[in-house]
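**Student:** Sharing a structure, written as structure tokens. Questions coming.
The values are calculated or read from the model by the stated rules, or taken from the named source; none is laboratory data. In this text the structure is predicted, and so the values were computed from the model without any measurement. Cβ sites come from the backbone with ideal geometry, for glycine too, and all protein chains shown count toward neighbours. We work out accessible area using only protein heavy atoms, side chains counted, and drop any ligands, DNA or RNA first. Shrake-Rupley method; radii C 1.70, N 1.55, O 1.52, S 1.80 Å.
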Amino acid sequence: MSTLGSSHGFDIDEVKRRLIAGGGGYEIVHESAGLELGVYVLVSPEPDRQQPHEDDEVYIVLDGSGTLDVSGRPVDLREGHALFVPAGAEHRFSGYEQLSVLVIFERSRG
């Protein structure tokens with residue numbers, strides 16, 4: 001990781017590889033007052049066990065494909081696709097063999 005003053009870089013591919021080797025999971029790569037970035041890896045047959053979040057979020061598919069059901073509406077996703085999910089919305093990934101996404105949370109400033 002390189003550091004430039006208060007800026008910093010992170011190796012998304014390394015985090016993704018580590019999570020894949022461990023059978024999936026979520027790892028935060030950046031956290032600040034208004035933002036959280038994480039890498040989420042799902043590996044079949046493990047189900048997505050997410051619960052609704054308190055903050056808006058964006059998923060960006062790094063690799064793989066699957067379906068994200070948001071409040072009963074299925075959206076097919078593949079590498080290069082992104083999807084906004086509003087705070088409080090029920091959502092869950094399905095239909096994946098292996099799916100890696102970058103997750104961006106806008107943290108509420110309260």
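**Student:** How about the stretch 20-53: which of its residues are touching a residue at least 40 places away in the same chain (Cβ under 8 Å), under 12 Å from residue 104 (Cβ atoms) and β-branched (Val, Ile, Thr)?
**Tutor:** 39
**Student:** Still on this structure, I have one more. Output the number of residues of the stretch 15-57 satisfying the condition of being in a strand (DSSP E or B) and either of a type outside the set (Gly, Ala, Ser) or over 12 Å from the mean Cα position of the chain (by Cα) (or both).
**Tutor:** Here is the first cut: in the stretch 15-57, the ones in a strand (DSSP E or B) are 25-32, 35-43, 57.
From the residues that got through so far, the ones that are either of a type outside the set (Gly, Ala, Ser) or over 12 Å from the mean Cα position of the chain (by Cα) (or both) too are 26-32, 35-37, 39-43, 57.
So the answer is 16.
**Student:** Of all residues in the stretch 66-110, how many are open to solvent by 60 Å² or more (accessible area, probe 1.4 Å) and either part of a strand (DSSP E or B) or touching a residue at least 40 places away in the same chain (Cβ under 8 Å) (or both)?
**Tutor:** Count: 13.
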